[in-house]
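The values are calculated or read from the model by the stated rules, or taken from the named source; none is laboratory data. If you're wondering where the values come from, they're calculated on a predicted model, not measured in any experiment. Heads up, the Cβs are rebuilt from the backbone with ideal geometry, glycines too, and the neighbour counts pull from every protein chain shown.
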């Protein structure tokens, strides 16, 4: 789920940025500080959108920078258990497929790829359904459900999302379309 949030913080603006507009200097520093971080409560901070208010700065003895209380807006994305997401297969390894779902990657374990016995073709880096003859490879677009989230770090790549494609209406988008045509 994407959301816009209003945040308050104190920003240190170093002397080298004193010639800039204070809002632009603060925005630059906030982007470096916040963008790309994962917050357990709010999700992935995708972008600092706008600095709405910047108060007059104070100077701390022994530090030439100014410190400003700032109110700003950020765009976040937070995954939730049971969300249905669409993404692209970005990697295939013997134990499953990594799916890019927005700013994060999720893993579909080989046992959750399809209702079939699945074989990994290492040479072509793709999965093959033994009876269904379905093929899943890097670049395919899929629909999956989030079954678990393990968020333990502020670094986006250190957190884990587990996905399944073994439910009706989930899987490679071509498979879903083929199933719809069979029903009609």
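For this structure, a couple of remarks:
- In the set (1) under 26 Å from residue 46 (Cα atoms); (2) surrounded by fewer than 18 Cβ atoms within 10 Å (Cβ to Cβ); (3) at pLDDT 95 or above, the condition left unmet by residue 97 is number (2).
Here is a yes/no grid of residues against (1) surrounded by 13 or more Cβ atoms within 10 Å (Cβ to Cβ); (2) modelled with pLDDT under 95; (3) out of contact with any strand residue (DSSP E or B) (no Cβ under 9 Å at 6 or more places or on another chain); (4) assigned to a helix (DSSP H, G or I):
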| residue | (1), (2), (3), (4) |
| --- | --- |
| 16 | no, yes, yes, yes |
| 61 | no, yes, yes, no |
| 75 | yes, no, no, no |
| 89 | yes, no, no, no |
| 105 | yes, yes, no, no |
| 114 | yes, yes, no, no |
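- Close pairs from the stretch 25-40: first without any contact (Cβ under 8 Å) to a residue 60 or more places away in the chain, partner assigned to a helix (DSSP H, G or I), Cβ under 6 Å, at least 6 apart: 25/17
This table checks each residue for (1) outside the structural domain of residue 44 (by TED's automatic domain parsing); (2) at pLDDT 90 or above; (3) in a loop (DSSP other than H, G, I, E, B); (4) surrounded by 14 or more Cβ atoms within 10 Å (Cβ to Cβ).
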| residue | (1), (2), (3), (4) |
| --- | --- |
| 133 | yes, yes, yes, no |
| 139 | yes, yes, yes, no |
| 144 | yes, yes, no, yes |
| 152 | yes, no, yes, no |
| 157 | yes, no, no, no |
| 166 | yes, yes, yes, yes |
| 169 | yes, yes, yes, no |
| 178 | yes, no, no, no |
